[in-house]
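Peer 1: Quick one: structure below, then a few questions.
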Amino acid sequence: MSSPDGRFRALIIEHERATPGGLIYDWLDDHDAEIDVLQIDVDAREVDPDGYQLVVPLGSEHPPYADHIPWIPRELELLRRAHAAGASVLGICFGGQLLARALGGRCFRADKPEIGWLPVRSRDPELVPEGPWFQWHFDAFEPPPGALLVAESDAAAQAYTVGRHLGVQFHPEVTPAIMEEWVRVYRHELDADGVDGDALLEETRRRADSHRSMSRRLLDAFLERVSLPGGRS
C-alpha cells in the first residue's frame, strides 16, 4: 500500500534509543520513502503492516528468544503479519534473527560472540558484498525453512533470503555517530570480550566512506532483486 501521494511507505522498528537506523534512513530518504518509526520497546500502539511496503526491524541488546520481554512476542507477531500481508522485511542483526524465528527458523546463543569489522563470505556478492561488515552479536540463527543462505562467517550464518525478505546478522546501518553511542553505552560488553572500544571507533571512522558505499550496494540490490514484487532472489 502506497501513501496517498504515491510514495512507498517504510516502517522502521527501533528497540533502544542507542540503536537507530543510521544509513537505512539515508537510503530511504534518497528513495523519497515515507518513513514511520515504531519504538516498540516503549510504544505499545498496534501497527497494521498492511499499510507498508517495507518493514525494517533493527538491532537490540536483547536476544530474540527472550519472550519474557513483552514487546518481543508482539514484534514476532507483527513480522508474521507483515509476511502474510505481502510486505517486504529487511531484518538487521536482532531483526534478522527475529525474522528467521517468525518464519520457522531457530535462534540460539552463539558459541562465541562476534564484535568488530569481521570477514563475511558471500555466496552472492552482487546481493551481499564480501565483508568486512560490522558485527556485534551474541546470538545466532538458522535460516527459516525454504530460505536461501547467502552469506556466512566462521562463527554464524550472516544473511539469507526468503520470499521478499532479507535477514542479515551484520550492521549495514552503522555510522561513526552510532558507534560512538554503542561504545559509550555498551562498553561493559566490549570489556568483557576484550575489545578495545576506542580502536573500534577509530576503525569505524576510517571505514566510513567505504562502508557507506558497500551498504548502499547491498540496500539497492535488496530493493531491486528481493523486495520489489517479482524481484528475483
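Peer 1: For residue 202, are the conditions met, namely being without any contact (Cβ under 8 Å) to a residue 40 or more places away in the chain, in contact with a strand residue (DSSP E or B) (Cβ under 6 Å, 6 or more places away or on another chain) and surrounded by fewer than 14 Cβ atoms within 10 Å (Cβ to Cβ)?
Peer 2: In short, no.
Peer 1: Next question. Looking only at region 185-204, count every residue that is within 16 Å of residue 61 (Cβ to Cβ) and over 21 Å from the mean Cα position of the chain (by Cα) and tell me the total.
Peer 2: 7
Peer 1: Considering only residues that are free of Cβ contacts under 8 Å to residues at least 60 places away in the same chain, within 13 Å of residue 92 (Cα to Cα) and of a type outside the set (A, V, I, L, M, F, W, C), which ones fall in region 26-70?
Peer 2: Answer for region 26-70, where residues must be free of Cβ contacts under 8 Å to residues at least 60 places away in the same chain, within 13 Å of residue 92 (Cα to Cα) and of a type outside the set (A, V, I, L, M, F, W, C): 57, 60.
Peer 1: Given the conditions (1) at pLDDT 95 or above; (2) more than 21 Å from residue 227 (Cβ to Cβ), which single one is not true for residue 78?
Peer 2: (2)
Peer 1: Residues being under 22 Å from residue 8 (Cβ atoms) and among the aromatic types (Phe, Trp, Tyr): count how many of those fall in region 178-233.
Peer 2: Final tally of qualifying residues: 1.
Peer 1: Can you tell me which of 82, 102 is surrounded by 22 or more Cβ atoms within 10 Å (Cβ to Cβ), in contact with a strand residue (DSSP E or B) (Cβ under 7 Å, 6 or more places away or on another chain) and small (Gly, Ala, Ser)?
Peer 2: 82
Peer 1: Still on this structure, please answer the following. Out of (1) in contact (Cβ under 8 Å) with a residue 24 or more places away in the chain; (2) surrounded by fewer than 17 Cβ atoms within 10 Å (Cβ to Cβ); (3) under 24 Å from residue 190 (Cβ atoms); (4) of a type in the set (D, E, K, R), what's the single condition that is false for residue 17?
Peer 2: Condition not satisfied by residue 17: (1).
Peer 1: Additional query: Only one of 199, 151, 192 is of a type in the set (A, V, I, L, M, F, W, C) and modelled with pLDDT under 95; which?
Peer 2: Exactly one residue qualifies, and that residue is 192.
Peer 1: Which one of the conditions (1) among the small types (Gly, Ala, Ser); (2) in contact with an Asp or Glu (Cβ under 8 Å, 6 or more places away or on another chain); (3) assigned to a strand (DSSP E or B); (4) closer than 21 Å to residue 89 by Cα does residue 110 fail to meet, given that it meets all the rest?
Peer 2: It fails just one condition, (4).
Peer 1: Okay, moving on. Output the residues belonging to region 21-66 that are in contact with a His (Cβ under 8 Å, 6 or more places away or on another chain) and either loosely packed, with under 14 Cβ neighbours inside 10 Å or hydroxyl-bearing (Ser, Thr, Tyr) (or both).
Peer 2: Residue satisfying the conditions is 60 alone.
Peer 1: What is the number of the single condition among (1) under 15 Å from the mean Cα position of the chain (by Cα); (2) of a type in the set (Val, Ile, Thr); (3) under 17 Å from residue 59 (Cα atoms) that residue 115 does not meet?
Peer 2: Against the list (1) under 15 Å from the mean Cα position of the chain (by Cα); (2) of a type in the set (Val, Ile, Thr); (3) under 17 Å from residue 59 (Cα atoms), residue 115 comes up short only on (1).
The values are calculated or read from the model by the stated rules, or taken from the named source; none is laboratory data. Owing to the predicted nature of the structure, the values given are computational and were not obtained by experimental measurement. Don't worry about glycine lacking a Cβ; one is built from the backbone with ideal geometry, like all the others, and counts go over all protein chains shown.
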